[in-house]
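The values are calculated or read from the model by the stated rules, or taken from the named source; none is laboratory data. These numbers come from a predicted model, not from an experiment. When we count neighbours, we look across all protein chains shown, and the Cβ atoms used for this are built from the backbone with ideal geometry, even at glycine.
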Amino acid sequence: MIKIENVSKVYGSQRALDHVSFTIEPGEIVGLLGPNGAGKSTLMKIITCFIPPTEGTVSVCGYSIFDQSQEVRRQIGYLPEQNPLYNEMYVREFLRFVGGIYHLDNLKDRVEEMIHTVGLTPEADKKIAMLSKGYRQRVGLAQALIHDPQVLILDEPTTGLDPNQLEEIRSLVRKVGQTKMVLLSTHIMQEVEAMCTRAIIINHGRIVDDEKMHNMRAGQLTEKFHKLTL
Ligand code: ADP
(Lines give C-alpha, C1' and ligand atoms only; values in the text may rest on other atoms or scores of the structure.)
Protein backbone atom coordinates (compact mmCIF):
# COMPACT_ATOMS: atom_id res chain seq x y z
CA MET A 1 0.00 0.00 0.00
CA ILE A 2 1.06 3.62 -0.55
CA LYS A 3 -0.03 5.90 2.27
CA ILE A 4 0.19 9.68 1.79
CA GLU A 5 -0.69 11.56 4.95
CA ASN A 6 -1.18 15.28 5.20
CA VAL A 7 1.63 16.11 2.75
CA SER A 8 2.47 19.76 2.01
CA LYS A 9 5.35 21.20 0.02
CA VAL A 10 6.33 24.83 0.09
CA TYR A 11 8.85 26.28 -2.39
CA GLY A 12 9.89 29.69 -1.07
CA SER A 13 6.60 31.50 -0.70
CA GLN A 14 4.68 29.11 -2.97
CA ARG A 15 2.63 26.19 -1.65
CA ALA A 16 2.86 23.47 -4.33
CA LEU A 17 1.06 20.84 -2.21
CA ASP A 18 -1.46 21.62 0.49
CA HIS A 19 -2.30 18.86 3.01
CA VAL A 20 -2.65 15.99 0.54
CA SER A 21 -3.81 12.61 1.88
CA PHE A 22 -4.81 9.39 0.12
CA THR A 23 -3.89 5.72 -0.06
CA ILE A 24 -3.34 3.39 -3.00
CA GLU A 25 -4.06 -0.32 -2.73
CA PRO A 26 -2.58 -3.16 -4.78
CA GLY A 27 -4.39 -3.65 -8.10
CA GLU A 28 -5.15 0.05 -8.56
CA ILE A 29 -4.06 2.17 -11.50
CA VAL A 30 -4.49 5.68 -10.17
CA GLY A 31 -4.51 8.70 -12.46
CA LEU A 32 -3.40 11.93 -10.86
CA LEU A 33 -5.18 14.43 -13.07
CA GLY A 34 -4.63 18.17 -12.93
CA PRO A 35 -3.65 21.22 -14.96
CA ASN A 36 0.00 22.22 -15.35
CA GLY A 37 1.40 23.50 -12.08
CA ALA A 38 -1.16 21.59 -9.96
CA GLY A 39 1.55 19.80 -7.97
CA LYS A 40 1.60 16.37 -9.67
CA SER A 41 5.36 16.12 -10.26
CA THR A 42 6.09 17.48 -6.81
CA LEU A 43 4.00 14.73 -5.21
CA MET A 44 5.69 12.06 -7.31
CA LYS A 45 9.14 13.36 -6.41
CA ILE A 46 8.21 13.16 -2.71
CA ILE A 47 6.91 9.57 -2.99
CA THR A 48 10.08 8.52 -4.83
CA CYS A 49 12.33 10.19 -2.20
CA PHE A 50 13.82 12.77 -4.58
CA ILE A 51 12.63 15.68 -2.44
CA PRO A 52 11.29 15.77 1.14
CA PRO A 53 7.86 17.17 2.02
CA THR A 54 7.68 20.34 4.11
CA GLU A 55 5.04 18.64 6.24
CA GLY A 56 3.39 15.21 6.40
CA THR A 57 4.54 11.64 5.78
CA VAL A 58 4.51 8.99 3.07
CA SER A 59 4.99 5.25 3.42
CA VAL A 60 5.38 2.77 0.58
CA CYS A 61 4.73 -0.91 1.32
CA GLY A 62 5.19 -0.10 5.00
CA TYR A 63 8.52 1.74 4.55
CA SER A 64 8.89 5.42 5.47
CA ILE A 65 10.34 7.91 2.96
CA PHE A 66 12.22 9.57 5.84
CA ASP A 67 14.22 6.79 7.45
CA GLN A 68 13.82 3.87 5.02
CA SER A 69 14.36 5.59 1.69
CA GLN A 70 16.55 2.76 0.33
CA GLU A 71 13.71 0.27 0.88
CA VAL A 72 11.18 2.71 -0.57
CA ARG A 73 13.25 3.09 -3.73
CA ARG A 74 13.54 -0.70 -4.01
CA GLN A 75 9.72 -0.95 -4.07
CA ILE A 76 9.29 1.73 -6.75
CA GLY A 77 9.86 1.93 -10.48
CA TYR A 78 9.84 5.57 -11.61
CA LEU A 79 9.60 7.12 -15.04
CA PRO A 80 10.13 10.89 -14.64
CA GLU A 81 8.58 13.41 -17.01
CA GLN A 82 11.83 14.06 -18.86
CA ASN A 83 12.67 10.39 -19.43
CA PRO A 84 16.39 10.61 -18.58
CA LEU A 85 18.09 8.11 -20.88
CA TYR A 86 21.76 7.86 -21.83
CA ASN A 87 21.59 8.61 -25.54
CA GLU A 88 25.04 7.24 -26.30
CA MET A 89 24.27 3.83 -24.81
CA TYR A 90 22.78 0.89 -26.65
CA VAL A 91 19.41 -0.35 -25.35
CA ARG A 92 20.80 -3.58 -23.84
CA GLU A 93 23.83 -1.79 -22.45
CA PHE A 94 21.61 0.78 -20.71
CA LEU A 95 19.27 -1.83 -19.21
CA ARG A 96 22.23 -3.90 -17.96
CA PHE A 97 23.63 -0.72 -16.42
CA VAL A 98 20.35 0.03 -14.60
CA GLY A 99 19.93 -3.60 -13.52
CA GLY A 100 23.53 -3.54 -12.24
CA ILE A 101 22.64 -0.70 -9.88
CA TYR A 102 20.10 -3.03 -8.25
CA HIS A 103 22.63 -5.91 -8.14
CA LEU A 104 20.13 -8.18 -9.88
CA ASP A 105 20.87 -11.88 -10.18
CA ASN A 106 20.84 -13.28 -13.73
CA LEU A 107 20.92 -9.74 -15.12
CA LYS A 108 21.35 -10.88 -18.72
CA ASP A 109 18.12 -12.91 -18.68
CA ARG A 110 16.25 -10.15 -16.89
CA VAL A 111 17.26 -7.60 -19.54
CA GLU A 112 16.00 -9.91 -22.30
CA GLU A 113 12.75 -10.47 -20.38
CA MET A 114 12.22 -6.70 -20.07
CA ILE A 115 12.96 -6.13 -23.77
CA HIS A 116 10.31 -8.73 -24.57
CA THR A 117 7.77 -7.40 -22.01
CA VAL A 118 7.83 -3.83 -23.28
CA GLY A 119 8.02 -4.81 -26.96
CA LEU A 120 11.51 -3.50 -27.65
CA THR A 121 12.81 -6.56 -29.51
CA PRO A 122 13.03 -4.97 -33.00
CA GLU A 123 14.95 -1.95 -31.63
CA ALA A 124 17.04 -3.69 -28.97
CA ASP A 125 20.33 -3.50 -30.92
CA LYS A 126 20.13 0.27 -31.49
CA LYS A 127 21.62 3.22 -29.70
CA ILE A 128 19.04 5.04 -27.57
CA ALA A 129 19.68 8.24 -29.57
CA MET A 130 18.31 6.48 -32.68
CA LEU A 131 14.94 5.56 -31.13
CA SER A 132 11.54 7.20 -31.72
CA LYS A 133 9.76 8.83 -28.80
CA GLY A 134 7.48 5.78 -28.40
CA TYR A 135 10.42 3.39 -28.17
CA ARG A 136 12.26 5.73 -25.81
CA GLN A 137 9.22 5.52 -23.51
CA ARG A 138 9.42 1.74 -23.70
CA VAL A 139 13.07 1.89 -22.64
CA GLY A 140 11.98 4.16 -19.78
CA LEU A 141 9.33 1.63 -18.74
CA ALA A 142 11.81 -1.24 -18.98
CA GLN A 143 14.28 0.58 -16.70
CA ALA A 144 11.44 1.34 -14.26
CA LEU A 145 10.35 -2.31 -14.15
CA ILE A 146 13.68 -4.13 -14.27
CA HIS A 147 13.94 -4.72 -10.51
CA ASP A 148 10.32 -5.98 -10.38
CA PRO A 149 9.01 -3.21 -8.10
CA GLN A 150 5.60 -3.36 -6.39
CA VAL A 151 4.84 0.23 -7.41
CA LEU A 152 5.15 1.99 -10.76
CA ILE A 153 5.15 5.80 -10.85
CA LEU A 154 4.84 7.48 -14.24
CA ASP A 155 5.00 11.25 -14.69
CA GLU A 156 3.10 12.25 -17.86
CA PRO A 157 4.01 8.95 -19.58
CA THR A 158 2.15 9.57 -22.84
CA THR A 159 3.08 13.19 -23.57
CA GLY A 160 4.31 13.68 -27.13
CA LEU A 161 3.38 10.25 -28.45
CA ASP A 162 1.58 9.74 -31.75
CA PRO A 163 -1.78 7.86 -31.68
CA ASN A 164 -0.25 4.42 -32.34
CA GLN A 165 2.49 4.85 -29.78
CA LEU A 166 -0.09 6.19 -27.35
CA GLU A 167 -2.24 3.09 -27.57
CA GLU A 168 0.78 0.80 -27.20
CA ILE A 169 2.01 2.55 -24.06
CA ARG A 170 -1.52 2.64 -22.62
CA SER A 171 -1.95 -1.08 -23.10
CA LEU A 172 1.46 -1.74 -21.51
CA VAL A 173 0.46 0.31 -18.47
CA ARG A 174 -2.84 -1.58 -18.18
CA LYS A 175 -0.94 -4.87 -18.36
CA VAL A 176 1.56 -3.85 -15.68
CA GLY A 177 -1.31 -2.54 -13.53
CA GLN A 178 -2.78 -6.03 -13.23
CA THR A 179 -0.04 -7.02 -10.81
CA LYS A 180 1.35 -3.74 -9.43
CA MET A 181 0.19 -0.45 -7.95
CA VAL A 182 0.44 2.27 -10.60
CA LEU A 183 0.31 6.02 -10.04
CA LEU A 184 0.49 8.10 -13.20
CA SER A 185 0.11 11.82 -13.73
CA THR A 186 -1.46 13.57 -16.67
CA HIS A 187 -3.18 16.82 -17.60
CA ILE A 188 -5.22 14.96 -20.25
CA MET A 189 -8.49 13.54 -19.01
CA GLN A 190 -8.75 10.90 -21.77
CA GLU A 191 -5.54 9.32 -20.52
CA VAL A 192 -7.16 8.58 -17.18
CA GLU A 193 -10.25 7.14 -18.87
CA ALA A 194 -8.07 4.94 -21.08
CA MET A 195 -5.75 3.55 -18.42
CA CYS A 196 -6.92 4.05 -14.86
CA THR A 197 -9.17 2.35 -12.32
CA ARG A 198 -9.36 5.51 -10.22
CA ALA A 199 -9.05 9.26 -10.82
CA ILE A 200 -7.67 11.75 -8.32
CA ILE A 201 -8.11 15.35 -9.44
CA ILE A 202 -5.58 17.82 -8.07
CA ASN A 203 -5.70 21.60 -8.43
CA HIS A 204 -3.50 24.25 -6.79
CA GLY A 205 -1.88 21.55 -4.66
CA ARG A 206 -5.16 20.21 -3.25
CA ILE A 207 -7.10 17.02 -3.93
CA VAL A 208 -10.48 18.15 -5.20
CA ASP A 209 -11.89 14.78 -6.26
CA ASP A 210 -11.12 11.09 -5.77
CA GLU A 211 -13.36 8.54 -7.48
CA LYS A 212 -13.18 4.99 -8.82
CA MET A 213 -13.78 4.95 -12.58
CA HIS A 214 -16.52 2.30 -12.37
CA ASN A 215 -18.50 4.61 -10.07
CA MET A 216 -18.59 7.37 -12.67
CA ARG A 217 -21.10 7.59 -15.47
CA ALA A 218 -19.93 8.42 -19.00
CA GLY A 219 -18.77 12.01 -19.25
CA GLN A 220 -18.71 12.61 -15.50
CA LEU A 221 -14.93 12.92 -15.30
CA THR A 222 -15.02 15.44 -18.16
CA GLU A 223 -17.56 17.55 -16.27
CA LYS A 224 -15.54 17.47 -13.07
CA PHE A 225 -12.32 18.36 -14.87
CA HIS A 226 -13.85 21.16 -16.94
CA LYS A 227 -15.21 22.77 -13.81
CA LEU A 228 -11.58 23.25 -12.77
CA THR A 229 -10.10 24.57 -15.95
CA LEU A 230 -12.88 26.97 -16.95
P1 ADP B 1 2.63 19.72 -12.24
O2 ADP B 1 3.51 18.50 -12.26
O3 ADP B 1 1.22 19.44 -11.83
O4 ADP B 1 2.69 20.50 -13.52
P5 ADP B 1 4.60 20.75 -10.36
O6 ADP B 1 4.59 19.81 -9.21
O7 ADP B 1 5.71 20.61 -11.35
O8 ADP B 1 3.18 20.70 -11.09
O9 ADP B 1 4.62 22.25 -9.82
C10 ADP B 1 3.72 22.72 -8.82
C11 ADP B 1 4.06 24.17 -8.52
O12 ADP B 1 5.30 24.23 -7.82
C13 ADP B 1 4.23 25.03 -9.77
O14 ADP B 1 3.68 26.28 -9.53
C15 ADP B 1 5.72 25.09 -9.96
O16 ADP B 1 6.10 26.30 -10.56
C17 ADP B 1 6.23 25.02 -8.53
N18 ADP B 1 7.56 24.36 -8.45
C19 ADP B 1 7.84 23.10 -8.83
N20 ADP B 1 9.14 22.81 -8.59
C21 ADP B 1 9.69 23.93 -8.05
C22 ADP B 1 10.99 24.28 -7.57
N23 ADP B 1 12.00 23.39 -7.59
N24 ADP B 1 11.18 25.53 -7.09
C25 ADP B 1 10.16 26.41 -7.03
N26 ADP B 1 8.90 26.16 -7.46
C27 ADP B 1 8.67 24.92 -7.96
Residue in region 135-189 that is modelled with the highest pLDDT, counting only those that are under 27 Å from Met216 (Cβ atoms) and among the small types (Gly, Ala, Ser): Ser185
Picking from Pro80, Pro84, Pro26, Pro53, the residue that is surrounded by 16 or more Cβ atoms within 10 Å (Cβ to Cβ), under 15 Å from the mean Cα position of the chain (by Cα) and not hydrophobic (A, V, I, L, M, F, W, C) would be Pro80
Give the residue, chosen from Ile201, Ile207, that is touching an Asp or Glu at 6+ places or on another chain (Cβ under 8 Å) and not small (Gly, Ala, Ser). Ile201
Does region 129-148 include one or more residues that are within 12 Å of the chain's Cα centre (by Cα) and in a loop (DSSP other than H, G, I, E, B)? no
What is the residue count in region 211-228 for residues that are surrounded by fewer than 14 Cβ atoms within 10 Å (Cβ to Cβ) and in a strand (DSSP E or B)? 1
Residue hits (region 1-19; in contact with a strand residue (DSSP E or B) (Cβ under 9 Å, 6 or more places away or on another chain) and over 24 Å from His214 (Cβ atoms)) are Glu5, Asn6, Val7, Ser8, Lys9, Val10, Arg15, Ala16, Leu17, Asp18, His19
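To keep it simple, each residue is scored yes or no on (1) within 16 Å of the ligand (Cβ to nearest atom); (2) closer than 28 Å to Glu193 by Cα; (3) in contact with a strand residue (DSSP E or B) (Cβ under 6 Å, 6 or more places away or on another chain).
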| position | (1), (2), (3) |
| --- | --- |
| Gly34 | yes, yes, yes |
| Gly37 | yes, yes, no |
| Ser41 | yes, yes, yes |
| Met44 | yes, yes, yes |
| Pro53 | yes, no, yes |
| Gly56 | yes, no, yes |
| Cys61 | no, yes, no |
| Gly77 | no, yes, yes |
One residue from Ser185, Ser171 being within 16 Å of the ligand (Cβ to nearest atom) and either under 21 Å from Ile2 (Cα atoms) or surrounded by fewer than 19 Cβ atoms within 10 Å (Cβ to Cβ) (or both): Ser185
